[in-house]
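Working notes for the structure below.
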């Protein structure tokens with residue numbers, strides 16, 4: 001009896017899949033997006049006059065979500081209307097200005113940032129598989145699994161010297177989401193092209209940061225590598241959700257640690273070890289974006 005029931009179940013499943021024309025597919029595409037849901041950065045844009053007085057302070061809004069994406073995905077349509085998909089894509093962020101102090105005289109300062117990441121997105125797919133033009137929608141979980149956020153700072157000093165600094169920031173494990181709507185044009189039963197719009201909702205918490213470049217160029221052209229004699233505390237940061245007395249930080253940090261970001265506030269007095277990474281409160285970066293992509297899709301098998 002059990003063998004008969006099992007055989008009947010297999011027959012039903014086989015019949016169902018043959019009738020629903022379950023199919024696998026591969027697709028590849030590229031696109032670009034812009035920031036949405038932008039944050040107000042803590043460090044403003046400052047403009048100074050010929051007397052070096054600040055005459056304008058502008059709040060900078062932005063996120064790190066703007067950039068290009070290059071993707072490949074594989075999916076399986078369980079029925080003609082419903083399926084699952086796994087997408088892998090490379091995200092290359094565009095530079096985002098966030099903080100500067102400039103004027104006709106005196107020292108000049110600017111700060112920009114961007115990110116590059118590999119991301120995975122397992123998704124559910126629904127589509128209307130009728131006709132040449134087939135609309136679809138996709139919703140999935142977004143998992144960044146490789147990459148960094150890069151901060152670039154530059155100074156131009158009144159004595160004609162300059163300085164360039166780069167800090168690479170690693171993020172903690174973070175989970176976001178993506179939802180897409182699109183339209184596919186079926187060239188034939190196997191080949192199609194598509195265009196889609198995707199909303200990305202993602203915030204990444206900082207884990208650690210490392211200064212990978214810090215060079216000063218003197219007025220005579222000589223270049224000095226500031227990392228050669230730098231203490232560990234000035235080149236490495238480990239971010240903590242909770243700062244305690246055991247943390248490597250201090251409320252008076254800004255008075256003796258160069259380039260402490262203005263948006264960092266420390267209220268606790270702990271012991272400092274110059275040969276250990278600095279501990280700072282965890283930061284979050286906004287990667288919300290709206291992007292548009294085009295690509296090509298190949299469906300395996302052939303419809304009856």
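Within region 82-113, the set of residues being over 19 Å from the mean Cα position of the chain (by Cα), at pLDDT 95 or above and surrounded by 14 or more Cβ atoms within 10 Å (Cβ to Cβ) comprises 83, 84, 85. Among the residues of region 114-137, is any closer than 30 Å to residue 218 by Cβ, surrounded by 14 or more Cβ atoms within 10 Å (Cβ to Cβ) and at pLDDT 90 or above? Checked region 114-137: at least one residue is closer than 30 Å to residue 218 by Cβ, surrounded by 14 or more Cβ atoms within 10 Å (Cβ to Cβ) and at pLDDT 90 or above. Report whether or not residue 187 is under 23 Å from residue 71 (Cβ atoms) and over 22 Å from the mean Cα position of the chain (by Cα). So residue 187 fits the description; yes.
Considering region 26-54, the residues that are under 20 Å from residue 151 (Cβ atoms) and surrounded by fewer than 16 Cβ atoms within 10 Å (Cβ to Cβ) include one that is modelled with the highest pLDDT, namely 40. May I ask you to say which residue of 254, 221 is modelled with pLDDT under 90 and either part of a helix (DSSP H, G or I) or buried (at least 17 other Cβ atoms within 10 Å of the Cβ) (or both)? Result: 254 is the single residue among 254, 221 that is modelled with pLDDT under 90 and either part of a helix (DSSP H, G or I) or buried (at least 17 other Cβ atoms within 10 Å of the Cβ) (or both).
One residue stands out among those in region 118-130 that are in contact (Cβ under 8 Å) with a residue 40 or more places away in the chain and in a loop (DSSP other than H, G, I, E, B): the one that is nearest to the chain's Cα centre (by Cα), which is 128.
Please verify whether residue 158 is closer than 30 Å to residue 184 by Cβ and over 11 Å from the mean Cα position of the chain (by Cα), treating the condition exactly as stated. No, not satisfied. Would you please list the contacts, defined by Cβ atoms under 9 Å and residues six or more apart or on different chains, that run from a residue in region 55-79 that is on the phi > 0 side of the Ramachandran plot and at pLDDT 95 or above to a residue that is outside any strand (DSSP E or B) and surrounded by fewer than 18 Cβ atoms within 10 Å (Cβ to Cβ)? Correct list of pairs: 67/94. All of (1) over 30 Å from residue 277 (Cβ atoms); (2) surrounded by fewer than 18 Cβ atoms within 10 Å (Cβ to Cβ) hold for residue 170 with one exception: (1). Scan region 269-283 for residues that are at pLDDT below 85 and exposed (fewer than 13 other Cβ atoms within 10 Å of the Cβ) and the total you get is 2.
The values are calculated or read from the model by the stated rules, or taken from the named source; none is laboratory data. Because the structure is a prediction, the values reported are computed rather than measured. As a convention, Cβ positions derive from the backbone with ideal geometry for all residues, glycine included, and neighbour counts pool all protein chains shown.
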